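Here the structure is laid out as structure tokens; the discussion comes afterwards.
The values are calculated or read from the model by the stated rules, or taken from the named source; none is laboratory data. Keep in mind it's a predicted model, so treat the numbers as computed, not measured. We place every Cβ from the backbone using ideal geometry, glycine too, and count neighbours over all the protein chains shown. Please note that ligands, DNA and RNA were not included when accessible areas were found on the heavy atoms of the full protein model with its side chains. Shrake-Rupley method; radii C 1.70, N 1.55, O 1.52, S 1.80 Å.
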Amino acid sequence: MNKSFVWGVATSSYQIEGAAYEDGKGLSIWDIYCTQPDKIFEGHSGDIACNHYHLYKEDISLMKQMGIKAYRFSISWPRVLPNGVGEVNQKGLQFYLNLVNELLEAGIEPYVTLFHWDLPYELHKKGGWLNSDSPKWFKEYTKVIVEAFGDKVTNYITFNEPQCFIGHGYSGGVHAPGLKHSTQDLLQMTHHILLSHGESVKTIRELAPYAKVGIATTALMHYPTSNTPEDIESARKAVMDEIFKSENAWPWSVSWWGDPIFLGKYPEEGLKYLEKYMPKIKDGDMEIISQPLDFLGQNIYNGYEITTSPNGEVEIVNREIGHGKTALNWPITPKSLYWGPKFLYERYKKPIFITENGLSCHDVVSLDGKVHDPNRIDFLHRYLKEFKKAGEDGVEIAGYFEWSFMDNFEWHSGYADRFGIVYVDFTTQERIIKDSGYWYKTVIETNGKNL
Ligand code: IFM
């Protein structure tokens, strides 16, 4: 990896902070959703989570011990603005200032994600992303944060995985706020979110011209079965275009979000199917949305192997019998970390950060008091090798944020799934660095030479 390659870990506010009802924090849609019966595994919630709100100093000290250079965390919008707009909750804001100060003191660079799904409930009541004021709300929130941080924070990510909070939260109904909207509504929300992103970027540029700004998108990252030009083209199409053919799958597409942002237009392949449901796009909207960015953050977990059928069609290859899976039954497909960045770099020509990658394992504390997670080490090693290779083959790879720093609240699976490289005992809040955490330390120390 080159010298400036950023080695980090990632988390998000609702998944780790806890203190859901403390110090003047307002409610988020996740606070409300978790109180509803049968939504979350065994009725879990993020009320306490990893109690990071109170234990952040200890957590940062662990990061330092592990040699971590950068920490990607998100801000709970309602902790800072309990009503989403208007009066600022100074205690909430102070928490993030303390966090940033502590990180800087430890020599760890903060990467701030502005939105990782915990929308203020008060804004939800006003229609949330369907409300045409939502870009103004997000702009105001961005301003509060960027003014407070000043030059202490030089890296911002506007949204985390719009695919997922729209796809699960407003289309599939399995994440907060648990709704199933029509395609028209979903496309309207999408447009407002894209405008919110653009307004936020403009605000960051005005107030913090020194800052680097990006977004973190996600998608299945498919890879070709062979290196023939046909198979590579089929895999590229499978990532960028084919998804529009499956009904209701479009929110999960990377190009539906990436093209407006990086190319200033919705993708033609998608419009073929969605044009008839599209909201009105006002003059100037696409300019706001396509503010130049410094990088693309991509969260990558897996994809399908793709081949080309005899008549030239894109074809998914069945997974081999007994293929590797994570504890969440997600397939293990390291090549996604080679081809995903490659396809994205070719299309958008921006340095790529992997803003999330990792897995859930059945981790336990062994008799020796340690947490042995060889499967996670093997997974990370295989994926990182592929990402490194993408860099060697010409992709500008800027950094890698392992998901996640510590075990946390995995949305509708509650605490049943453990994604951390640090183990959390959710009864005592004790933390134990897993074997993978020690392994990651050696990767960072050698700047990836040992991969
Ligand atoms: O935990 C989530 C995270 O919040 C968003 N990306 C995927 C992770 C694992 O499911």
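Check ILE352 against each of (1) touching a strand residue (DSSP E or B) at 6+ places or on another chain (Cβ under 6 Å); (2) over 28 Å from PRO229 (Cα atoms); (3) among the aliphatic types (A, V, I, L, M) and name the one condition it does not meet.
Here ILE352 meets the rest and fails (2).
Failed condition for GLY258, given (1) of a type in the set (Gly, Ala, Ser); (2) open to solvent by 20 Å² or more (accessible area, probe 1.4 Å); (3) within 20 Å of the chain's Cα centre (by Cα), with all others met?
Going through the list (1) of a type in the set (Gly, Ala, Ser); (2) open to solvent by 20 Å² or more (accessible area, probe 1.4 Å); (3) within 20 Å of the chain's Cα centre (by Cα), GLY258 breaks only (2).
Which one of THR228, THR307, THR218 is in contact with a Cys (Cβ under 7 Å, 6 or more places away or on another chain) and either touching a residue at least 24 places away in the same chain (Cβ under 8 Å) or on the phi < 0 side of the Ramachandran plot (or both)?
Just one listed residue meets the conditions, THR218.
Checking LEU380 against (1) over 18 Å from the mean Cα position of the chain (by Cα); (2) part of a helix (DSSP H, G or I); (3) under 23 Å from ASP368 (Cβ atoms): exactly one of these is not met. Which one?
(1)
Could you list, in sequence order, all residues of the range 424-451 that are closer than 19 Å to GLY18 by Cα and either within 16 Å of the ligand (Cβ to nearest atom) or part of a loop (DSSP other than H, G, I, E, B) (or both)?
VAL424, ASP425, PHE426, THR427, THR428, GLN429, GLU430, listed by residue number.
Among PRO82, PRO78, PRO37, which is in a helix (DSSP H, G or I) and away from the ligand (no atom under 16 Å from the Cβ)? I'd like the intermediate steps shown before the answer.
Working: PRO82 fails: in a helix (DSSP H, G or I); PRO37 fails: in a helix (DSSP H, G or I).
The unique qualifying residue is PRO78.
Filter the range 383-397 down to the residues that are within 30 Å of PRO292 (Cβ to Cβ) and outside any loop (DSSP other than H, G, I, E, B) and list them by number. Even if it seems obvious, please write down each step before you answer.
Within the range 383-397, the first condition is being within 30 Å of PRO292 (Cβ to Cβ), and the residues that meet it are 383-384, 386-397.
Within the range 383-397, TYR383, LEU384, GLU386, PHE387, LYS388, LYS389, ALA390, GLY391, GLU392, ILE397 qualify.
Could you identify the single residue in ILE397, ILE352 that is among the β-branched types (Val, Ile, Thr), open to solvent by 10 Å² or more (accessible area, probe 1.4 Å), in contact with a helix residue (DSSP H, G or I) (Cβ under 8 Å, 6 or more places away or on another chain) and more than 16 Å from the ligand (Cβ to nearest atom)?
On the way: ILE352 fails: open to solvent by 10 Å² or more (accessible area, probe 1.4 Å).
It is ILE397.
Just need a number here: residues in the range 318-345 that are surrounded by fewer than 13 Cβ atoms within 10 Å (Cβ to Cβ) and either in contact (Cβ under 8 Å) with a residue 60 or more places away in the chain or within 14 Å of the ligand (Cβ to nearest atom) (or both).
Result for the range 318-345: 1.
Looking at LYS143, is it in a helix (DSSP H, G or I) and either in contact with a Ser or Thr (Cβ under 8 Å, 6 or more places away or on another chain) or open to solvent by less than 10 Å² (accessible area, probe 1.4 Å) (or both)?
Yes; evaluated as a whole, the condition is true for this residue.
Of all residues in the range 199-218 being closer than 10 Å to VAL146 by Cβ and among the hydroxyl-bearing types (Ser, Thr, Tyr), which is surrounded by the most Cβ atoms within 10 Å (Cβ to Cβ)?
Once the filter is applied, the top-ranked residue is SER200.
Of the numbered conditions (1) buried (at least 20 other Cβ atoms within 10 Å of the Cβ); (2) closer than 27 Å to LEU451 by Cα, LYS69 satisfies every one except a single condition; which is it?
(1)
Checking LEU103 against (1) over 18 Å from the mean Cα position of the chain (by Cα); (2) closer than 26 Å to HIS412 by Cα; (3) open to solvent by less than 10 Å² (accessible area, probe 1.4 Å), only one condition comes out false. Which one?
(2)
Could you check how many residues of the range 46-66 are assigned to a loop (DSSP other than H, G, I, E, B) and open to solvent by less than 30 Å² (accessible area, probe 1.4 Å)?
Matching residues across the range 46-66 total 4.
Here is a list: GLY167, GLY172. Which entry is within 16 Å of the ligand (Cβ to nearest atom) and in contact with a Pro (Cβ under 7 Å, 6 or more places away or on another chain)?
None of the other options fit; the residue is GLY167.
Quick check on the range 162-181: of everything there that is out of contact with any Phe, Trp or Tyr (no Cβ under 8 Å at 6 or more places or on another chain) and not in a helix (DSSP H, G or I), which residue is most open to solvent (accessible area, probe 1.4 Å)?
Here the residue is VAL174.
Suppose we filter ASP368, ASP373, ASP363, ASP393 for residues that are closer than 28 Å to ASN227 by Cβ and of a type in the set (D, E, K, R); which single one remains?
Going through ASP368, ASP373, ASP363, ASP393 in turn, just one is closer than 28 Å to ASN227 by Cβ and of a type in the set (D, E, K, R): ASP393.
Out of (1) closer than 29 Å to HIS192 by Cα; (2) of a type outside the set (A, V, I, L, M); (3) away from the ligand (no atom under 16 Å from the Cβ), what's the single condition that is false for ASP118?
For ASP118, the failing item is (3).
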